[in-house]
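Below you'll find the structure, written out as structure tokens, and then a few comments.
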Amino acid sequence: MTHISSAQTRPLVYITGASSGIGQALALRYYQAGYTLALVARRTQLMQEWALEQQLEPQRYALYAADVAVIDSACAAGRRCLEQQGLPDIVIANAGISWGVDTALREDLEVMQQVLAVNTTGMAASFQPFITPMLERGSGSLVGIASVAGIRGLPGHGAYCASKSAAIAYCESLRGELQSSGVQVITLLPGYVDTPLTKNNPYAMPFLLSPQVFAARAFKAIEKKTSYATIPWQMGLVAKIMRFLPNTIWDKLLVGKSRKPRYLQSNK
């Protein structure tokens, strides 16, 4: 169901992966800040139920069904938003999935392809409809939700780590392309956040945040137009150590780690 205000006077935020987890928490934080919401996910029924539970004003949100793994679907959702609600002030590409893979197995190559399609190509497809209009307007923020997992490769998580590393590099490239245009490109790297994406992790998760705490900190970073931020800051320190550790030390830390954790994590 879509609710459209007859006159758009509030700022507009467009969020993918808004049916659960980080996306849902960001939606509520922006709503509380006075924004109108454009919410995107495959599971529109979940988004509608959540909107009713939160007692959102009908004129302040619209729902768009899309699978960001399918380029045409992701782009079409953006075009519908432009037609029905106008050009967002902020676009947050948040949809993501994680699935353990073992690329020694032929069947896992399709799994890896799907993870990259959602987490990397899906981010670009979520931004695409808005780049030219934002450039013409001379303002706007494109926010990519990456991950600390994009800093170094982890056994069993080759698809997820590769997709998030690519997302970080893509946002950096786009930021260079759009510099001095008035359009900001912001890369956010969550550490561990208590969402459906992490609930099955079979290991300790230091500095674990609730989705609400992450959303509050992400909101501040986006408002400040911070180009790159790790949340929480403690994971930022960990990420810097990870980045600069010599391979010999890093490899020793990974001895005995599982090659292939078999669980699906999704926030689409």
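The values are calculated or read from the model by the stated rules, or taken from the named source; none is laboratory data. A quick note: this is a predicted structure, and the numbers were derived from the prediction, not measured. Quick reminder, even Gly has a Cβ in these numbers, built from the backbone with ideal geometry, and neighbours come from all protein chains shown. For accessibility, only protein heavy atoms count, side chains too; no ligands or nucleic acids. Shrake-Rupley method; radii C 1.70, N 1.55, O 1.52, S 1.80 Å.
Roughly speaking, to the nearest percent, how much of the chain's 1.4 Å accessible area is carbon and sulfur?
54
Tell me whether region 77-140 comes out rounded, prolate or oblate; compute the Cα gyration tensor, take square roots of the eigenvalues as a ≥ b ≥ c, and use a/c under 1.5 as the rounded threshold.
prolate
Report the normalised scattering of region 34-110 as log10 I(q)/I(0) at q = 0.15, 0.24, 0.25, 0.27 Å⁻¹, calculated by the Debye formula with identical scatterers on the alpha carbons.
The Cα Debye sum returns log10 ratios of -0.63, -1.21, -1.28, -1.38.
For the chain, what relative contact order do you get, as a whole percent, if you take Cα pairs closer than 8 Å and at least 6 residues apart?
Reported relative contact order: 23 percent.
Taking the Cα centre of each part, how many Å lie between region 77-147 and region 32-63?
19
With every protein chain kept in place and ligands, DNA and RNA left out, what is the accessible area per residue of the chain? Probe 1.4 Å, answer in Å².
I get 45 Å² per residue for the chain.
Not counting ligands, DNA or RNA, and with a 1.4 Å probe, what is R243's accessible surface area in Å² rounded to the nearest 10?
That residue has around 120 Å² of solvent-accessible surface.
Which one, M242, M47, M134, has the greatest fluctuation when you compute a Gaussian network model over the chain with C-alpha springs under 10 angstrom?
Maximum among the listed residues: M242.
Considering only the chain, what is the antiparallel percent among its DSSP beta bridges, to the nearest 5?
In the chain, DSSP labels about 15 percent of beta bridges as antiparallel.
Given the options I97, I249, I241, state which has the largest fluctuation in a GNM of the chain using a 10 Å cut-off (strictly under) for Cα springs.
Comparing I97, I249, I241 in a Gaussian network model of the chain, the most mobile one is I249.
What are the GluC sites (Glu not before Pro) within region 102-151 that DSSP puts in a loop, where the Cβ has at most 12 other Cβ atoms within 10 Å?
Here the sparse-neighbourhood loop sites are E107.
Hey, what do the phi angles of region 118-130 turn into as Karplus ³J(HN,Hα) couplings, whole Hz, using 6.51/-1.76/1.60 and θ = phi - 60°, x for Gly and Pro?
6, 7, 10, 4, x, 5, 4, 5, 5, 6, 3, x, 9
Let me check against my output: what whole-number percent is the relative contact order of region 40-148, with C-alpha pairs under 8 Å and at least 6 apart?
Relative contact order comes out at 31 percent.
Among L208, L142, L39, whose mean-square fluctuation peaks in a Gaussian network model of the chain (Cα, cutoff 10 Å)?
Result: L208 has the largest fluctuation of those listed.
So for the chain, Kirkwood radius off the Cα pairs, Stokes-Einstein at 37 °C and 0.692 mPa s: how many µm² s⁻¹?
175
Quick check: convex hull of the Cα atoms in region 1-80, volume per residue, rounded to a whole Å³?
81
Just to confirm the number: angle between the C-alpha axis of helix 21-32 and the first principal axis of the chain, 0 to 90 degrees, nearest 10?
Once rounded, the angle reads 30 degrees.
Could you check the simple spin-label distance between A169 and E53, using points 7 Å along Cα→Cβ, in nm with one decimal?
The answer from the label model is 3.9 nm.
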